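Note sheet for the following structure.
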Amino acid sequence: MAENFWWSYWYFHFPNYAFALLFWTLIGRFMFGLFLRPDSPNYIYRWFRNLTNWLMPPVVAVTHPIMPPALLPLVAAFWVAMARVAFFMTMYAAGLTPRVPAAG
């Protein structure tokens, strides 16, 4: 079981990894945004922006207009984290997450 542990729960690990990747990319986008202009030629910042631009319009739609645009990646990261928790809770309730065997 140890060698197939990851692959036996691929349906849990792939989306979980995607949520984590998106979350940390949004955090990176926010951190770069503190130091770089939005039109910066920095290729990492451009990549972070291109990877997460699709998520910004829904976040703007549900966020109060008083929120500064520079903080929107943090708001998006919050929603991604909540989606990841909801995904885990759903998978756990359905019995589809990896379980740690009881000690003893």
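Report, ordered by the first and then the second residue, all pairs with beta carbons closer than 7 Å, sequence separation of six or more or different chains, a first member in segment 1-16 that is under 17 Å from Ala86 (Cα atoms) and modelled with pLDDT of 90 or more, and a second member that is of a type in the set (S, T, N, Q) and surrounded by 11 or more Cβ atoms within 10 Å (Cβ to Cβ).
Within 7 Å, the pairs are Phe12/Thr97.
If I ask for residues that are part of a loop (DSSP other than H, G, I, E, B) and surrounded by 13 or more Cβ atoms within 10 Å (Cβ to Cβ), which ones from segment 43-66 would you list?
If we filter segment 43-66 for residues that are part of a loop (DSSP other than H, G, I, E, B), which is where we start, we get 63-66.
Matches in segment 43-66: Thr63 only.
Out of the residues in segment 71-104 that are of a type in the set (Val, Ile, Thr) and not in a helix (DSSP H, G or I), state the one that is farthest from Thr25 (Cα to Cα).
Residues of segment 71-104 of a type in the set (Val, Ile, Thr): 75, 80, 85, 90, 97, 100.
Restricting the remaining residues to those that are not in a helix (DSSP H, G or I) gives 97, 100.
On the way: Thr97: 25, Val100: 29 Å.
Out of the qualifying residues, it is Val100.
Looking at segment 69-77, is at least one residue of a type outside the set (Phe, Trp, Tyr), free of Cβ contacts under 8 Å to residues at least 24 places away in the same chain, surrounded by fewer than 13 Cβ atoms within 10 Å (Cβ to Cβ) and farther than 18 Å from Tyr9 by Cβ?
yes
Pick from segment 5-42 the residues that are surrounded by fewer than 15 Cβ atoms within 10 Å (Cβ to Cβ), assigned to a helix (DSSP H, G or I) and not aromatic (Phe, Trp, Tyr): which of them is farthest from the chain's Cα centre (by Cα)?
By that ranking, first place goes to Ser8.
The values are calculated or read from the model by the stated rules, or taken from the named source; none is laboratory data. It should be emphasised that the depicted structure is a prediction, and the values quoted were computed from it without experimental measurement. Neighbour counts are summed over all protein chains in view; Cβ atoms, including those assigned to glycine, are modelled from backbone coordinates with ideal geometry.
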